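The values are calculated or read from the model by the stated rules, or taken from the named source; none is laboratory data. Treat the numbers as computed from the prediction; the structure is a model and nothing was measured. FYI the Cβ positions are ideal-geometry reconstructions off the backbone, even for glycines, and counts take in every protein chain you see.
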Amino acid sequence: MRNGIQSSGVWNSLSKSISEAIEAVQDSIVTIHGGGRSTSSGVVWRPGVIVTVRNGLRRSEVVKVAHRGEPFNASVAGTDAGTDLAVLRVEANSLKPADVSGLESTRVGEFVLSVGRSVLGDISASSGIIARLGSPWRTWRMFDFTWASPAAHW
């Protein structure tokens, strides 16, 4: 026993739970090829809609989306420079939307995972803690923003 925590029990259970959570969301994560050498990840928010980072698009109007090696064409439906978000439209019935239920009950101090895909389509993950809620973001509009620390990259 180290610091009152049994290494084999608590940490193994936590590790297994994290792995299971990543496995549960990985089918909703896609690779975005936004033009040039730019590659990022996106989340299938609902059927036909993907949310990604704006800076990864390089002013592309037609974007290539890949999921487990299967390519799809997508179009930019809208972007917001202040939040660095972009919304893509894609015709792909095989893409599974993420379960985003329960976001309204997010609290400071909660543990979060950020899951993405590499240019090769592999899953990657990082973690953080919700450090702040409801802060204004760097835009003229005011809305609730969730900040995870350390910053997790898609």
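When only residues in segment 2-29 that are farther than 15 Å from Arg117 by Cα and either touching a helix residue (DSSP H, G or I) at 6+ places or on another chain (Cβ under 8 Å) or among the acidic types (Asp, Glu) (or both) count, which is modelled with the lowest pLDDT?
In this case the residue turns out to be Ile5.
Select from segment 66-86 the residues that are touching a Leu at 6+ places or on another chain (Cβ under 7 Å) and aliphatic (A, V, I, L, M) and list them in ascending order.
Once the filter is applied, which keeps residues that are touching a Leu at 6+ places or on another chain (Cβ under 7 Å) and aliphatic (A, V, I, L, M), segment 66-86 yields Ala74, Val76, Ala77, Ala86.
Under 9 Å by Cβ, and 6 or more places apart or on different chains, what pairs join a residue from segment 60-86 that is of a type in the set (Lys, Arg) with one that is surrounded by fewer than 18 Cβ atoms within 10 Å (Cβ to Cβ)?
If the second residue must be surrounded by fewer than 18 Cβ atoms within 10 Å (Cβ to Cβ), the pairs left are Lys64/Gly35; Lys64/Pro71; Lys64/Phe72; Lys64/Asn73; Arg68/Asp27; Arg68/Gly121.
Every residue in segment 87-129 that is over 21 Å from Gly69 (Cβ atoms), outside any loop (DSSP other than H, G, I, E, B) and under 12 Å from the mean Cα position of the chain (by Cα), please.
The answer is Val112, Leu113, Ser114, Ser126, Ser127.
Under 9 Å between Cβ atoms, which residue pairs at least 6 apart in sequence (or on different chains) link something in segment 97-108 that is closer than 23 Å to Val87 by Cα with a partner that is modelled with pLDDT under 90?
Hits for this filter: Leu103/Thr146; Thr106/Val112; Thr106/Ile130; Thr106/Leu133; Thr106/Thr146.
Within segment 35-86, which residues are outside any strand (DSSP E or B) and modelled with pLDDT of 90 or more?
Pro47, Gly48
Out of the residues in segment 101-142 that are surrounded by fewer than 11 Cβ atoms within 10 Å (Cβ to Cβ), closer than 28 Å to Gly34 by Cβ and not charged (D, E, K, R), state the one that is modelled with the lowest pLDDT.
Among them, the one singled out is Trp140.
Within segment 53-63, track down each residue that is surrounded by 17 or more Cβ atoms within 10 Å (Cβ to Cβ) and of a type in the set (D, E, K, R). Let's see the steps before the verdict.
Our first condition is that a residue be surrounded by 17 or more Cβ atoms within 10 Å (Cβ to Cβ); within segment 53-63, this holds for 53-54, 56-57, 60, 63.
Matches in segment 53-63: Arg54 only.
Looking at segment 73-100, which of the residues that are exposed (fewer than 15 other Cβ atoms within 10 Å of the Cβ) and of a type in the set (Gly, Ala, Ser) is farthest from Ser40 (Cα to Cα)?
Among those residues, the one meeting the criterion is Ser94.
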